[in-house]
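Notes for the one structure printed next.
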Amino acid sequence: MSQLLLFIVALLVLGHVPPGRSEFKRCWKGQGACRDYCSRHESYMHLCPDASLCCLPYVFQPPPAPKGDYTS
């Protein structure tokens, strides 16, 4: 009986533990996520307000600015 009570108490306690950092703050018009580290499929774009990195997937990155034709 005491083991059942302990099991029920443990389930109740674990049910109230907040989840980990599953939802990241969004950045770059909602396309990126503020994280401590970017994954290998993402690139750092700028810093978020909390000084974490704004990680943007390669798919959503803006195209590079065209280089001018600098001929002399």
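At-a-glance table
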{"quantity": "Extension reserve of the SER2-TYR44 stretch, reckoned as 0.36 nm per residue once the Cα distance is removed", "calculated": "9.9 nm"}
{"quantity": "Amide hydrogen neighbours beyond the local backbone of ARG26, cut-off 5 Å, H modeled", "calculated": "CYS34"}
{"quantity": "J(HN,Hα) series, the range 37-47, from Karplus relation 6.51 cos²θ - 1.76 cosθ + 1.60, nearest Hz, glycine and proline x", "calculated": "9, 8, 6, 6, 9, 10, 10, 6, 9, 6, 8"}
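Read the figures in this text as sums done on the coordinates, not as results from a lab. Small disclaimer: the values here were computed from a predicted structure and weren't measured.
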